[in-house]
Each structure stands twice: as C-alpha cells, then as structure tokens.
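Each remark here refers to the structure printed beneath this line.
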Amino acid sequence: MKILFDTNLWISFMIGKRLSSLADVLCRHDVKVYICEQELDEIRRVIARKKFDKLISDETRYYFFEMVYDVCFFTDITIKAKSDIRDPKDLYLLSMAESVPVDYIVSGDKDLTDLKNHKGIPILTYNQLLAKL
C-alpha cells in the first residue's frame, strides 16, 4: 500500500495529541509512505512558527526528521496535477500523488478530504486509513 500524508498530519504527529499510532503505520511492512522535499520544506516552515515552540521540542523535531528519513520513500514530483482545489498550495501534494502514484492520500484538511479523490486516488482521513489497515 502506497500512501501520502498531508503536512497537517505530520504536524499533528509531532504535537502528539491525535496521531500517536502513526509511528505504527510507518513501520508496517505492507505500507510505503512517500514524501518529497517540497513537503519537508513546508513542514519545516510550519514548525518554525513561534506558536509551535511550546508544542514541539527541539528533540521531537530532530527525531521526527530522523524517522522520516529512515522510513519514508522520497520521490520527485514529475507530474503537474490539475485540480479545482480551494487551496492551490496543496496542488503539489496532488502532483506528488500522481507522480508516484500512491494508493491513498491521507489528510485532515477539509479542502482535500471534501474532494474524496483525485484522478482515482482516494483521499481519506486518518481514521478512514486506519479502518482500511
């Protein structure tokens, strides 16, 4: 199973409130999680915001990136997706999903989950993904 997680899920995982089981998903042998440098850049920009200093320790940030580099599959974006999504900043995620191609896009972002799918790739919430696993 090839999966792409949206940035908001990675951030929630670092904060540790909702997605403590994500580490279990990342370590499954039947799951491959894909990420690209553009998404890592977005994660870095988001967690650099002052409001996250109280929520995410330097140690958590360090171990998060270590884990991502250890367990995720890095990919390049080779296809430029077209979509009428509400937030054009998410277009690179759809492009990455097409470039792999992944089996599922997993997001907590209503702009994406409301689409339900992109080019036949289902867009699931994290709970929907867990139900499939």
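At-a-glance table
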| read-out | value |
| --- | --- |
| Residues of the range 23-44 that turn out to be hydrophobic (A, V, I, L, M, F, W, C), out of contact with any strand residue (DSSP E or B) (no Cβ under 8 Å at 6 or more places or on another chain) and within 14 Å of Val106 (Cβ to Cβ), as a count | 0 |
| Options Glu98, Glu59, Glu66; residue that is within 21 Å of Val25 (Cα to Cα) and free of Cβ contacts under 8 Å to residues at least 40 places away in the same chain | Glu66 |
| Qualifying residue in the range 77-86 (condition: assigned to a helix (DSSP H, G or I) and within 16 Å of the chain's Cα centre (by Cα)) | no |
| Extreme residue, nearest to Asp24 (Cα to Cα), among residues of the range 101-133 that are surrounded by fewer than 18 Cβ atoms within 10 Å (Cβ to Cβ) and among the charged types (D, E, K, R) | Lys132 |
| Counted residues, the range 5-25 - those being surrounded by 15 or more Cβ atoms within 10 Å (Cβ to Cβ) and at pLDDT 85 or above | 11 |
| Any hit, the range 38-55, residues being modelled with pLDDT under 90, exposed (fewer than 14 other Cβ atoms within 10 Å of the Cβ) and either touching a helix residue (DSSP H, G or I) at 6+ places or on another chain (Cβ under 9 Å) or not β-branched (Val, Ile, Thr) (or both) | no |
| Residue match in the range 73-87 (condition: open to solvent by 60 Å² or more (accessible area, probe 1.4 Å), in contact (Cβ under 8 Å) with a residue 12 or more places away in the chain and among the acidic types (Asp, Glu)) | yes |
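To keep it simple, each residue is scored yes or no on (1) assigned to a helix (DSSP H, G or I); (2) under 13 Å from the mean Cα position of the chain (by Cα).
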residue: Val25; (1), (2): yes, yes
residue: Asp30; (1), (2): no, no
residue: Gln38; (1), (2): yes, yes
residue: Asp41; (1), (2): yes, yes
residue: Glu59; (1), (2): yes, no
residue: Tyr63; (1), (2): yes, no
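The values are calculated or read from the model by the stated rules, or taken from the named source; none is laboratory data. These figures come from a predicted structure and were not determined experimentally. As a convention, Cβ positions derive from the backbone with ideal geometry for all residues, glycine included, and neighbour counts pool all protein chains shown. SASA here: full protein model, heavy atoms, side chains in, ligands and nucleic acids out. Shrake-Rupley method; radii C 1.70, N 1.55, O 1.52, S 1.80 Å.
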